[in-house]
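Student: Would you mind keeping the following structure in view while I ask a few things?
The values are calculated or read from the model by the stated rules, or taken from the named source; none is laboratory data. Small disclaimer: the values here were computed from a predicted structure and weren't measured. Because the Cβ atoms are built from the backbone with ideal geometry, glycine has one as well, and the counts that use them run over all protein chains shown. Just so you know, the surface numbers come from the protein's heavy atoms only, side chains and all, with ligands and any DNA or RNA stripped out. Shrake-Rupley method; radii C 1.70, N 1.55, O 1.52, S 1.80 Å.
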Amino acid sequence: MTVITPDPSAAGSGAVVAAPFPESPVVPISPWGRSRPRLGDRVFRRLAQGSGVLIVVLIAAIGVFLLLRAIPALQRNRENFFTYDGNWVTTDTSAMHFGIFELLEVTVFVSVFALILAMPIALGVALFITHYAPRRLAAPLAYAVDLLAAVPSIVYGVWGLYVLAPQLRPVATWLNHTLGWWFLFATGNASVAGGGTVFTGGIVLAVMILPIITAVTREVFMQTPNDEIEAALALGATRWEVIKTTVLPFGRSGYVSGAMLGLGRALGETVALLIILRGTQAAFGWSLFDGGSTFATKIAATASEFNDRYKAGAYIAAGLVLFLLTFLVDALARGAVAGAHNRRSGR
């Protein structure tokens, strides 16, 4: 290919000469009419595909392992695994008695209670950091909230049982006597006095999942299009009206997603709840002021029985249910996010 350029040696004559134009590199064309991807692109694509397949294989391998280890114990179980809520008896491995009904109740009860406490606080903190706080205050406050996630679980457990529980005892006793039916069923004084109740555990768990929900919600709120915010302000909207009409609708899916991530974290919490709920021997009776065991605390508290394949299999079966429960929560979260996205896009 050539281009026409003036001839500098023939000044004033208007002569032009043909100068070669630098040729562009030839890109090989595939038989399908598209350019063949370069080696780096092909390698990166294969690595990305392999990483995705590896994650799926690992998760499937964990599920298969749990199932294979749980089947022998389930075959020797003399009770209905899903509905039995009596004592967990695995002493005689030829005729065992165990079930997950009470574990499921306590796990869901304390996790939902923690989520109810954490969600409005996380929403308020995220809105304050992104739209109300000055920049000099917003960054340190965000760091402080994020640092809550770095505190070890055992520290939360010790703090909850020996520091928080004594301070909550008068409040818990008054709530139990005065508004017992608001918290499903009233309980005796013994469990409230011990401090190791679902009420205390739920509050500690809410503090633990607060940074997760806040971080996700904050990042989503910061992505709200400035054009929409400026348009609302130009129409005379107040700051709260801007948040209500632009920020909250845009960030609803992220808020729900963060809440589900926090719920998944709460379902699997072990050490903190183990320390708190072992502070009382009261059985769970559908009250916030009862004790009990979750899936994770039951497995952790009886790790000494794992030397027998049938005893260990009983707890592995409970772990398999918790494994599937977290998958269900993740599926609900993805469904909620997809539904919110479709509504926002008008599909």
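Student: Along Cα→Cβ, 7 Å out, is where each label goes; now give me the distance between the ones at Asn87 and Leu54 in nm to one decimal.
Tutor: Between Asn87 and Leu54, the label points sit 4.9 nm apart.
Student: Excluding Leu233 itself, what net charge comes from residues whose Cβ is under 12 Å from its Cβ, given Lys and Arg +1 and Asp and Glu -1?
Tutor: -3
Student: Now, a different point. At Ser304 and Val64, where each label point lies 7 Å from the Cα along Cα→Cβ, what is the point-to-point distance in nanometres?
Tutor: 3.6 nm
Student: May I pose another question? Hey, if we sort Thr217, Thr173 by accessible area with the 1.4 Å probe, largest down, what's the order?
Tutor: Thr173, Thr217
Student: Between Leu141 and Thr238, what's the calculated FRET efficiency when r is the beta-carbon distance and R0 is 30 Å? Round to 0.05.
Tutor: 0.85
Student: For the stretch 290-332, list residues with backbone N below 15 Å from a point placed 7 Å from the Cα of Val108 toward its Cβ?
Tutor: Output list for this probe position: 294-295, 321-330, 332.
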